[in-house]
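Working notes for the structure below.
Values quoted throughout were computed directly from the atomic coordinates according to the rules given, and no laboratory measurement underlies them. Just so it is clear, the model here is predicted, and its values are computed rather than measured. Here Cβ is always computed from backbone atoms with ideal geometry, including for glycine, and neighbour counts include all displayed protein chains.
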Amino acid sequence: MLHKTVEETRVFFPKAPAFRQPQLGSLEWARHNDTRHFSRKLRVLPATFDAIVTLIENHPIFHNESNNPQYAVSLQLAIFLVRARHYGNAVSCDDVAEWAGVSAGTVVLSTKRVVVALISLHDMVMCKPTNEEKIKAKAYAGSKVCPSWQNGWLSVDGTTFPLFQKPSHFGEAWYDHSSNYSLNAQIVILPHNLRIVDYGLGHTGSVHDSYAFESTQIFRDHTAFLDEGEWLWADSAYPLQKWCVAPFKRPTNG
């Protein structure tokens, strides 16, 4: 009998529950009274936050058969956004757990669940621009520069996503010009609303933008996005093409 009891016991020396003073109350207050604070913490507006919750709350990953119910989807999304918002020590599981008033394990599980739910929306949100969006983007470009340049209605740029630590394989290849180990990303957007319509991921942070750009769909088949006489804007790091224009190209002598 004693042997069975020992085998079934998960905690031999139980401790008092850790003291937790969550800050979610201030976030809920900020939602209605201080949107600037809400946006600073989660990097989205309250309306955007609510829209994301509506899109992911019915995903099966939030509805398991466990006897222990999950936390609300809104709380799990807030945990994920706080982790995505920060970098370094501030994103540690313990710090986020103290902020949310949950366990470190809940922070890890909530992050994984939200990522799975967001990835499931990929094909719905990552789509080619509609004709209406194209017209608005051209009007925006024409109003910001001149009517002759309105056919440049897309833009591309590169950025990097810092990694937690130096990768074990080919670690130095991930070292970028900002002295971080990072992942290169190429982002193609509509200038009037900043919606992402194409992207490229997977290259190391040390890769030049012009090379990483070759992994995007628009580079492989620009006619799928652009008609004859249309182009996307880029900076001097990108190759000049009829469909890829850099307004200011640095001269070779300086």
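Each Cα pair under 8 Å and six or more residues apart adds its sequence gap; the mean of these over the residue count of the chain is a relative contact order of 12 percent. The angle separating the long axis of helix 131-144 from the principal Cα axis of greatest extent in the chain is about 70 degrees.
Taking 20 Å as the straight-line reach from the Cα of LYS136, the aspartates and glutamates in range (excluding those fewer than 8 positions away in the same chain) are ASP198, ASP227, GLU228, GLU230.
In the chain, the longest principal axis of the Cα atoms and the axis of helix 73-85 are about 60 degrees apart.
Cross-link pairs exceeding 29 Å between alpha carbons, from the set LYS128/LYS242; LYS128/LYS166; LYS144/LYS242: LYS128/LYS166.
Its DSSP H runs of at least 4 residues, each contributing -39,500 (n - 2.57), put the calculated 222 nm mean residue ellipticity of the chain at -11000 deg cm²/dmol, to the nearest 500.
Placing a pseudo-label 7 Å from each Cα along the Cα-to-Cβ vector at HIS59 and SER179 gives an inter-label distance of 3.7 nm. Model label sites at ASP235 and ARG195, defined 7 Å from Cα along the beta-carbon direction, differ in position by 2.6 nm.
Which one of CYS127, CYS146, CYS244 has the biggest mean-square fluctuation once the chain is modelled by GNM with Cα springs under 10 Å? Comparing CYS127, CYS146, CYS244 in a Gaussian network model of the chain, the most mobile one is CYS146. Compactness ratio for the range 128-245: Cα radius of gyration over 2.2 N^0.38 Å (N = residue count) comes to 1.17. What the Cα atoms of the chain give is an Rg and a Dmax of 23.4, 87 Å.
Convex hull over the alpha-carbon atoms of the range 25-129: what's its volume per residue in Å³?
Numbers: hull volume 12.4 nm³, N = 105.
For the range 25-129, the hull spanned by Cα atoms encloses 118 Å³ per residue.
Under a model in which nothing but the beta-carbon of Lys, Arg (+1) and Asp, Glu (-1) is charged, the range 109-228 shows a dipole of about 420 debye around its Cα centre.
Give me the extension gain from LEU24 to ALA224: residue separation times 0.36 nm, minus the current Cα-Cα distance, reported in nm with one decimal.
Working: separation 200, 0.36 × 200 = 72.00 nm, distance 4.50 nm.
That pair, LEU24 and ALA224, stretches by 67.5 nm at full extension.
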